[in-house]
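See below for the structure under consideration.
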């Protein structure tokens with residue numbers, strides 16, 4: 001069994017299908033994305049999720065839209081559509097980053113073919129980036145270790161190996177024995193529905209836990225390191241990721257466990273000074289209340305901010321950036337300044 | 001609206017009804033407990049839960065059993081039934097404590113009336129204990145504070161005011177304004193189903209959060225103190241409580257927030273040296289997997305151990321026992337030695 005791709009792109013017909021991740025692990029259904037409304041809805045409702053996958057999906061969605069725009073209105077319309085796409089999930093910096101790459105091609109006079117090439121380039125680069133992240137993180141996966149991860153920064157969230165999972169997939173392919181604990185990740189259970197499912201599909205030894213069980217596992221010496229993904233790394237190195245990430249980072253500090261964050265360099269946002277400057281998305285109370293809870297108020301932030309001081313390092317396509325070194329983010333800063 | 005009692009005892013007919021807390025908040029159904037099997041099942045499946053409520057229910061259940069035993073076999077049988085009851089939930093020290101109190105009466109030659117008096121005494125004492133816990137903890141509830149609690153150590157878990165909730169109920173009755181955040185408490189969602197429901201029923205300002213949101217709330221300065229209950233306090237002051245309690249205690253230490261544990265003195269177990277000596281109950285994987293998760297392995301410990309060094313103090317019927325003082329548990333040790 002292999003993990004089905006989150007994004008299917010047909011280059012001949014310029015048509016886009018997204019795996020509806022809300023229905024996993026029980027159903028594998030693909031959504032046809034034929035216009036902007038469908039793309040925005042898929043992104044906003046988490047049918048497609050994971051920062052890199054959102055970026056790739058948005059890039060292809062813009063190509064789909066460009067295909068159907070009359071040529072004379074293309075300039076204004078595409079810029080407007082791009083803004084709407086970016087607003088569908090404001091915390092995910094890759095979304096804006098990918099959309100802006102296509103806009104730049106468009107503003108430089110590039111037509112449909114050029115936009116299509118750029119979207120495919122983003123997708124191809126992402127595959128290569130995940131392999132590079134895997135190579136940078138694989139040395140952390142010593143034989144016999146137990147790794148805890150949170151949410152889903154896996155193959156479903158990206159294009160092939162995932163980010164937080166890339167070192168795991170590469171180490172597993174290399175025959176290294178290790179085990180993974182997956183936080184179920186309330187309220188939307190991405191760990192239970194997605195991470196546990198895709199790791200097991202790949203033949204990796206995975207055990208699901210409630211988010212509440214992390215501290216007890218750490219206290220018993222069962223966890224050797226934590227690897228999570230991230231939606232945004234700010235200029236000072238703060239990490240914005242799924243709610244509950246900060247809990248894990250604090251626990252790691254207390255129990256002396258390394259806390260790593262895997263991400264493509266596009267996740268680095270040098271224009272935002274610190275995590276305190278990031279607008280955190282608050283989602284519907286109903287996600288917390290579900291069927292079982294009493295009808296009360298609920299507070300449902302989708303992300304939290306882990307301060308750089310609690311992070312051991314970033315596992316990136318530019319290598320393992322050790323936060324205890326001087327200026328660990330300099331390579332990312334230099335990359336971003338090329339754009 | 002008032003919180004319905006967890007335990008209904010009819011002194012005239014010696015009949016016991018337990019509120020089936022598995023069906024809350026949507027259904028209020030009482031189970032008739034007419035024999036030992038029904039009592040053990042209600043305790044083991046969490047129809048009745050919360051350490052003190054389990055003890056009271058077990059005491060009344062023994063009276064129900066004693067009523068129907070032939071006199072000549074009563075001695076052996078009641079001792080045997082008591083052992084079975086104690087085994088239904090081995091982590092809850094109050095269960096063994098209450099059952100042993102009845103056994104002592106029985107072994108001293110007490111008949112049905114004496115057993116009945118002892119069970120009612122346990123229930124009456126519990127009401128008084130909760131009021132004393134409330135009085136000890138109320139000074140912590142300053143006007144305007146935000147309190148975070150975990151699981152349900154509320155009225156449903158005890159007899160009237162609850163333990164962790166007793167300072168809240170008394171302060172609310174006294175007109176002090178404050179707010180409560182309730183952890184939903186995966187996997188069984190006692191916070192979402194029970195705590196949020198009973199606090200709202202009492203008119204207290206309560207907001208439900210996912211367990212994952214605790215760190216972010218603390219980081220934003222929104223939480224002034226944490227109060228939880230406990231199933232067992234060991235001789236060295238370690239606290240055994242619902243899985244996820246240790247997470248909160250570590251977070252409190254990191255963010256400089258006081259972490260209090262409310263409990264009756266019967267929760268203190270001087271015969272167990274430390275939390276490491278407590279057998280932690282592991283429950284079925286299905287509780288974690290539910291309907292939504294992938295079909296994978298799951299690890300589901302029901303409790304964790306918070307080391308004494310992370311506890312600010314115990315809120316007890318013997319007053320607020322400050323862990324930073326010398327020998328804070330001495331009053332509890334002296335009480336227990338009376339038995």
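The values are calculated or read from the model by the stated rules, or taken from the named source; none is laboratory data. Keep in mind the model is a prediction, meaning the values are calculated, not measured. All Cβ positions, even for glycine, are placed from backbone atoms using ideal geometry, and neighbour counts span all protein chains on display.
Residue-wise test of (1) facing another protein chain (nearest Cβ under 9 Å); (2) within 17 Å of residue A:216 (Cα to Cα); (3) touching a strand residue (DSSP E or B) at 6+ places or on another chain (Cβ under 6 Å).
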| site | (1), (2), (3) |
| --- | --- |
| B:216 | yes, no, yes |
| B:221 | no, no, no |
| B:228 | no, yes, yes |
| B:247 | yes, yes, no |
| B:268 | no, no, yes |
| B:271 | no, no, no |
| B:288 | yes, yes, yes |
Going through the stretch A:230-245 one residue at a time, which ones are under 17 Å from residue A:165 (Cα atoms) and either within 11 Å of chain B (Cβ to nearest Cβ) or not in a loop (DSSP other than H, G, I, E, B) (or both)?
A:241, A:242, A:245
Being surrounded by fewer than 19 Cβ atoms within 10 Å (Cβ to Cβ) and at pLDDT below 95, is that true of even one residue in the stretch B:143-156?
no
Exactly one of these conditions fails for residue A:306: (1) more than 21 Å from residue A:246 (Cα to Cα); (2) in contact with a helix residue (DSSP H, G or I) (Cβ under 6 Å, 6 or more places away or on another chain). Give me its number.
(1)
Kindly indicate whether any position in the stretch B:295-316 is on the phi > 0 side of the Ramachandran plot and in contact (Cβ under 8 Å) with a residue 60 or more places away in the chain.
no
For residue B:51: the one exception among (1) buried (at least 17 other Cβ atoms within 10 Å of the Cβ); (2) modelled with pLDDT of 90 or more; (3) closer than 22 Å to residue B:117 by Cα
(2)
Condition met for residue A:251 (touching a helix residue (DSSP H, G or I) at 6+ places or on another chain (Cβ under 6 Å), more than 30 Å from residue A:159 (Cβ to Cβ), free of Cβ contacts under 8 Å to residues at least 60 places away in the same chain and facing another protein chain (nearest Cβ under 8 Å))
yes
Out of all the residues in the stretch A:1-28, which are farther than 24 Å from residue A:203 by Cβ and part of a loop (DSSP other than H, G, I, E, B)?
A:11, A:12, A:13, A:14, A:20, A:22
Which one is modelled with the lowest pLDDT among residues in the stretch B:290-303 that are at the interface with chain A (Cβ under 7 Å from one of its Cβ atoms) and out of contact with any strand residue (DSSP E or B) (no Cβ under 7 Å at 6 or more places or on another chain)?
B:292
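Report whether or not residue B:320 is free of Cβ contacts under 8 Å to residues at least 24 places away in the same chain, away from chain A (no Cβ under 12 Å) and over 27 Å from residue B:187 (Cα atoms). Don't jump to the end; show me each part of the working.
Details: free of Cβ contacts under 8 Å to residues at least 24 places away in the same chain: no; away from chain A (no Cβ under 12 Å): yes; over 27 Å from residue B:187 (Cα atoms): yes.
Here the answer is no, as residue B:320 does not meet what is asked.
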Flag if residue A:73 is modelled with pLDDT of 90 or more, more than 23 Å from the chain's Cα centre (by Cα) and surrounded by fewer than 21 Cβ atoms within 10 Å (Cβ to Cβ):
no
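Within the stretch A:124-134, work out how many residues are surrounded by fewer than 21 Cβ atoms within 10 Å (Cβ to Cβ) and in contact with a strand residue (DSSP E or B) (Cβ under 9 Å, 6 or more places away or on another chain).
Number satisfying all stated conditions: 1.
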If residue A:31 satisfies all but one of (1) part of a helix (DSSP H, G or I); (2) touching a helix residue (DSSP H, G or I) at 6+ places or on another chain (Cβ under 7 Å); (3) at pLDDT 95 or above, what's the number of the condition it fails?
(1)
State yes or no: is residue A:182 closer than 30 Å to residue B:310 by Cα and without any contact (Cβ under 8 Å) to a residue 12 or more places away in the chain?
no
Any residue at all in the stretch B:164-181 that is more than 26 Å from residue B:128 (Cβ to Cβ) and within 14 Å of another protein chain (Cβ to nearest Cβ)?
yes
Matching residues in the stretch A:194-212 - criterion: being crowded, with 24+ Cβ neighbours inside 10 Å, within 7 Å of chain B (Cβ to nearest Cβ), out of contact with any helix residue (DSSP H, G or I) (no Cβ under 6 Å at 6 or more places or on another chain) and assigned to a helix (DSSP H, G or I):
A:196, A:197
Just to be sure, is residue B:66 over 24 Å from the mean Cα position of the chain (by Cα), assigned to a helix (DSSP H, G or I) and crowded, with 22+ Cβ neighbours inside 10 Å?
yes
Given the conditions (1) exposed (fewer than 14 other Cβ atoms within 10 Å of the Cβ); (2) at pLDDT below 95, and given that residue A:309 satisfies all but one, which numbered condition is not satisfied?
(2)
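Do you know which of the residues in the stretch A:9-40 that are in contact (Cβ under 8 Å) with a residue 24 or more places away in the chain and closer than 24 Å to residue A:192 by Cβ is surrounded by the fewest Cβ atoms within 10 Å (Cβ to Cβ)? Reasoning before the result, please.
In the first step, residues of the stretch A:9-40 are kept if they are in contact (Cβ under 8 Å) with a residue 24 or more places away in the chain; the result is A:9, A:11, A:14-16, A:18-22, A:24-25, A:28, A:33-36, A:39-40.
Narrowing further to those that are closer than 24 Å to residue A:192 by Cβ: A:18-22, A:24-25, A:28.
Values: A:18: 26, A:19: 21, A:20: 18, A:21: 25, A:22: 16, A:24: 21, A:25: 19, A:28: 11.
My answer is A:28.
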